[in-house]
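Written out below as structure tokens is the structure these notes cover.
Laboratory data are not the source of any read-out in this text; all were calculated from the coordinates shown. Only a predicted model underlies this, so the values are computations on that prediction, with no experimental measurement involved. Because the Cβ atoms are built from the backbone with ideal geometry, glycine has one as well, and the counts that use them run over all protein chains shown.
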Amino acid sequence: MYERQYSVYVWHVGDFKLDSCRVCGAPISPFMSFGQMPIANGFLRPEEFADEYFFELAPAFCSSCHMFQIVEQPEPQAMFHENYAFFSSTSKYMQDHFKAFADDVSERFIAGRPSPFVVELGSNDGIMLRNFAAAGIHHLGVEPSANVAEVARSNGVETISVFFGAETAADIADQHGKANAILAANVMCHIPDIQGVALGVRSLLADDGVFVFEDPYLGDMIEKTSYDQIYDEHVFIFSALSVAEAFRRHGLELIDVAPQVTHGGSMRYTLAFEGARPVSSAVETILAKERAQGLDKPETYDRFRMNCETSRRDLMTLLNELREAGKRVVGYGATSKSTTTMNYCGVTPDHVEFISDTTPIKQGKCTPGAHIPVKPHADFAAAPPDYTLLFAWNHQREIMANETSYTDGGGKWITYIPKVEIFP
Ligand code: DWN
Ligand code: ZN
């Protein structure tokens, strides 16, 4: 079944075979398939439908090193390019979150150093680094998507537009010196060559430096059945178990963890050279919690698969009922995540009239695979629908605060995480 994909994958990436874990090389095989998927951020116009790229989205769990990963991923250039559609700063809440992230790193690891240097991998439009820039701290963003990198530069954030790896790391160290902190937010889970990043971090990090990154958390995904975290860009969904093991192989030690509410449940991991810094008790606590949750056991992922199937059935039952009742349903937030939801569940323009999204580059185009039109928020406000399907469920608090007039006027919301329901 996976023969074609093996060859595609080997052709694209070369170093790893599809049937072996990207971290430890142990044999792996998918425990489910979400079916044929397009590029999650590949918003397109009708004339491009015929040439749309699809791959099979199938996750696997490695019983040896506990890494959760997808077995096939499109080549990076197909996902991160000069037209990348996601700009981090679209959410005010996320701007505040990254300011707090930057402040925390500054207080704990930067304050008092004579000439600190901070590097961020996948710095997007500079949402985090601009806080360091504003404080006059020597910084560098590494952002492969040229359009968002340009926005960062225009915000005064020094940024180079390349993929990070051992070679780039050595160049940066030559030009700028070693980094006291290397940061990454919602980036590490996008990079299949985790070994290359680890080598790069090793060569760029100062002896007592820290590597701090956060990504959507496997524990939350399993608990909430938020399967929409799985899409082409997210090659890994990390846990503390898998992160500790992946970096231990490169002499880097997990010294702290901190759960985050962002993106529907994330975890911030802090790593340092082995023995260079004390290890927080939070690490042992989270490892024990993950074992108790079964994140190290294949049966957990069989249960997850069944929960995904239930979620899909419930969502489609509701959307079909609303369609038959002649109700208008509009989507809110043309998220990357919703590409998995819509294509896995079979949501069509007959179910969802259009999706409201504030990102100009998405507007006027259609969603990948499902081909639902994306329109500006003004269209939503001008003709409020009976029901609004909350694809940006991770921004629920901010969206509810902004949409009180719709809700107070009797508008209904639909969520599907952690389960399908209508509110209020
Ligand atoms: O890891 C990733 C995360 C961090 O961001 C990437 N792979 C891509 C992206 O994932 P996403 O697209 O699922 O992220 P969001 O933040 O859930 O996307 C929100 C979308 O909703 C954006 O297109 C903006 C839009 N939006 C809106 O139209 N009105 C968002 C808010 C808060 C709003 O009020
Ligand atoms: Zn493994």
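Report the FRET efficiency, 1/(1 + (r/R0)^6), for Ala170 and Met400, where r is their Cβ-Cβ distance and R0 is 51 Å, rounded to 0.05. Numbers along the way, then the final one.
Numbers: r = 47 Å, r/R0 = 0.92.
In this case the efficiency is close to 0.60.
Place +1 on the Cβ of every Lys and Arg and -1 on the Cβ of every Asp and Glu in the chain, take the dipole about the Cα centre, and give the residue among Val157, Gln95, Cys21 whose Cα lies farthest towards its positive end.
Most positive-ward Cα: Gln95.
Taking only the Cα atoms of segment 174-291, how large is their convex hull per residue, in Å³?
Working: hull volume 11.8 nm³, N = 118.
For segment 174-291, the hull spanned by Cα atoms encloses 100 Å³ per residue.
Taking only C-alpha pairs under 8 Å that are 6+ residues apart, what is the relative contact order of segment 104-230 in percent? Walk me through the intermediate numbers first.
Details: 213 pairs, mean separation 30.1, N = 127.
Taking the mean separation of contacting Cα pairs over the length of segment 104-230, I get 24 percent.
So how strong a dipole does segment 177-309 carry about its Cα centre when Lys and Arg Cβ are +1 and Asp and Glu Cβ are -1, to the nearest 20 debye? Let's see the in-between values first.
Numbers: 12 positive and 20 negative charges, 47 e Å.
With Lys and Arg at +1 and Asp and Glu at -1, about 220 debye.
Looking at the chain as a GNM with Cα springs under 10 Å, which of Ser405, Ser239, Ser123 has the largest mean-square fluctuation?
Most flexible of the set in this elastic network: Ser405.
What length, rounded to one decimal in nm, is gained on full extension from Asp19 through to Arg328, with 0.36 nm per residue of separation minus their alpha-carbon distance?
Values: separation 309, 0.36 × 309 = 111.24 nm, distance 4.44 nm.
My answer for the length gained is 106.8 nm.
Compute the signed sum of charges (Lys and Arg +1, Asp and Glu -1) over the other residues within less than 9 Å, Cβ to Cβ, of Met267. Intermediate values should be presented prior to the final figure.
Working: positive: Arg268; negative: Glu214, Asp215, Asp220.
Around Met267, the surrounding residues sum to -2.
Among Asp357, Asp228, Asp96, whose mean-square fluctuation peaks in a Gaussian network model of the chain (Cα, cutoff 10 Å)?
Comparing Asp357, Asp228, Asp96 in the GNM, the peak value goes to Asp96.
In the chain, what % of DSSP beta bridges are antiparallel (nearest 5)? Spell out each step's value before the answer.
On the way: 28 of 57 bridges.
Looking only at bridges with both residues in the chain, the antiparallel portion is about 50 percent.
Near Lys419, which lysines are there with a Cα under 28 Å away, not counting those fewer than 8 places off in the same chain?
Cross-link targets: Lys92, Lys224, Lys289, Lys297, Lys327, Lys337, Lys362, Lys375.
Can you give the net charge of the other residues whose Cβ lies under 13 Å from the Cβ of Ser63, counting K and R as +1 and D and E as -1? Intermediate values should be presented prior to the final figure.
Numbers: positive: Lys297; negative: Glu245, Asp296, Glu299, Asp302.
Neighbour charge sum, excluding Ser63 itself: -3.
What residue among Met94, Met67, Met306 has the largest mean-square fluctuation in a Gaussian network model of the chain, using Cα springs under 10 Å?
Fluctuation is largest for Met306.
When Lys and Arg each count +1 and Asp and Glu each count -1, what net charge do the other residues less than 9 Å away from Ala185, Cβ to Cβ, add up to?
Values: positive: Arg268; negative: Glu120, Glu214, Asp215.
Neighbourhood net charge equals -2.
If the viscosity is 1.306 mPa s and the temperature 10 °C, what Stokes-Einstein diffusion coefficient in µm²/s follows for the chain when Rh is the Kirkwood radius over Cα pairs?
Working: Rh = 22.2 Å.
Once the numbers are plugged in, D ends up at 72 µm²/s.
Restricting to bridges with both residues inside segment 52-192, how much of the DSSP beta-bridge set is antiparallel, in percent to the nearest 5? Present the calculation step by step, with values, prior to reporting the outcome.
Details: 3 of 14 bridges.
So the antiparallel bridges amount to about 20 percent of the total.
Hey, what did the chain get for relative contact order, percent, Cα under 8 Å, at least 6 apart?
Values: 833 pairs, mean separation 62.3, N = 424.
RCO, the chain: 15 percent.
How high is the relative contact order of segment 181-247, in percent, counting Cα pairs under 8 Å that sit 6 or more residues apart? Working shown, then result.
Details: 64 pairs, mean separation 28.2, N = 67.
After rounding, I find 42 percent.
R0 = 45 Å: FRET efficiency of Gln293 with Glu52, Cβ-based, nearest 0.05?
Efficiency computed from Cβ-Cβ geometry: 0.75.
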